[in-house]
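Since the structure comes first, as structure tokens, the remarks are kept for the end.
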């Protein structure tokens, strides 16, 4: 069976494209994914739209080749035609699905990912597979009405248009992304998948994919033409995707309510996410150096009562700014060695709405922020990281700035 | 007369129709600037005319297909006629696309880049014709383009590694050289048709 499939269906080999793409991504991104299971899985979704294009093209060519006049005898009846197209689909999809699932597993193991809920991860992987399967069904539905020579590029470009209009760009938009995720490359701590979104997506893609895969054909003058009923079915199926995208609310990612609760006692209490415990040693050293230097040089305003790693959503509104708790950015390998960025983030009044509003904060704020950062870096021995054009402040000046920032008067 | 029959047995009409459509779309859309392809941002923005060289090149590849399932004689005359046909079709495709785009003077696409992309697409597509799978000649040019947008970012952020040069709108001479080398290898494969090169098959023709 496998022998026959590999010889007669080119789509069998499409797993090689998937494997190549995943291997490439794995080598480049593995260091970034470290510890973060959600990021690892969503990291692969960056490639989904590309693979959907390629798979749609390959499936389209296979369907077109099986619909040419010399193979018409294979399916004189509708039932056996459907069976043949389902066989083509399975031949293409099963190797791809195996490669996909094994890649996810290998990546999770290699990234030493901290897994909070294996069932949600499995569901997310199934949703990714549903996207790829849908692309194969879409290509197959188009290909059976096209000449094999042009079927590939036409289906790939059609898939490109579909992905561009339906997959959307920003995960903050509260609309379902019916064709799947476009991936992530920044830390996903504090986020998890919206399970309802995943379920709706999987069911929708499975149903519409099956309709496309078993779409009816009309034999006319030696070639297959779509009948009126077929055209209507196809349009209704694609239209339902558009309608679903516009009408069904539900962001793909939601906050999981987990806080950074792996706490380490150093120069002060430092709490980080379980995901980042593995790679946090150098960050902890930097944070300890910053806090000890502030203590030793008498910059009491700079000494935080507690340092908490922020989730990808930034400042946690449950924290009282008066408590002296401060936040560091998500400690991903991206910011390894970016001491200036960490110090700046640690010193900034992140609780102030002015920092996240569309109008930028006053010029004075940036000046203060730069001076405070430079002061902190130079007393902690990171002189090379200091910002040009800023001055070193006295403990009293820093105290004054921090008093103002506590009440968000940034002027 | 002979040329006409050569054109007749190949998919000249379909190939040149694809070329023509690509030229028309390139002329209409060439003044736009794409800063991203799909969901991938490009290091350097490109004109659609740069990317439409890919379907145009595929048109040339398709115009060269048609006899891939036929065992042809292996003698000098056939080699020469194949070379003539190939050079004519490729030269026609490249020059018509290049001259049209060049005359419009679009930004973010250069003459060097167009010719390079033609060589890359024909170089990656023609081997599929040689091995009897013309319908998959689109696959490698598409995969290379998409992978280039995804993985082709170099450290400085403005140039591309050699394998991703298909989306570099300006192009360098060394890119053109390796693209030409790829094209020449594909051409040699196409003309010598190694599938039928064994003594047993060649006998009796």
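Read the figures in this text as sums done on the coordinates, not as results from a lab. Please read all numbers here as calculations on a predicted model, not as lab measurements. Virtual Cβ from ideal backbone geometry, glycine too; neighbours counted across all protein chains shown.
The smallest convex shape that holds all Cα atoms of the stretch B:46-142, its convex hull, gives 82 Å³ per residue. Take the alpha-carbon centre of the stretch A:222-261, take the same for the stretch B:130-149, and report the distance between them in whole Å. Cα centres, the stretch A:222-261 to the stretch B:130-149: 28 Å.
Projected over every direction and averaged, the convex hull enclosing the alpha-carbon atoms of the stretch A:251-314 yields 5.1 nm². A convex hull fitted to the Cα coordinates of the stretch A:292-349 yields 86 cubic angstrom per residue. Every pair of different Cα atoms in the stretch B:58-102 enters the Kirkwood calculation, which places the hydrodynamic radius at 11.8 Å. Highest GNM mean-square fluctuation among B:142, B:39, B:183, for chain B modelled with Cα contacts below 10 Å: B:39. Taking only the Cα atoms of chain A, the radius of gyration and Dmax are 27.2, 91 Å.
Taken over the stretch B:1-74, the convex hull of the Cα atoms encloses 131 Å³ per residue.
Alpha-carbon geometry of the stretch B:76-115: the Rg and the Dmax are 13.9, 45 Å, given in that order.
Only alpha carbons enter this Debye calculation for chain B, each as an equal point scatterer, and the log10 of I(q)/I(0) it gives at q = 0.09 Å⁻¹ is -0.35. Note on the stretch A:110-187: Cα Rg divided by 2.2 N^0.38 Å, N the number of residues, gives 1.39. Rounded to the nearest 10 degrees, the inclination of helix A:78-110 to the longest alpha-carbon principal axis of chain A is 20 degrees. Against chain A, whose longest principal axis is taken from its Cα atoms, helix A:228-247 shows a tilt of about 10°. Spherically averaged projected area of the convex hull of Cα atoms, the stretch B:120-191: 4.8 nm².
Across peptide B:128-138, the mean count of Cβ atoms from other chains lying within 10 Å of each residue's own Cβ comes to 4.
Take each residue in B:140-147, count the other chain C-beta atoms within 10 Å of its C-beta, and the mean is 5.
Percent of Cα pairs in the stretch A:214-343 per distance bin of 5 Å, from zero to the largest separation: 2, 9, 14, 14, 11, 7, 4, 4, 4, 5, 5, 6, 5, 4, 3, 2, 1, 0, 0. The mean number of Cβ atoms from other chains found within 10 Å of a Cβ in peptide A:144-154 is 4, as a whole number. Seen against the Cα atoms of chain B and their longest principal axis, helix B:111-130 is set at about 40 degrees.
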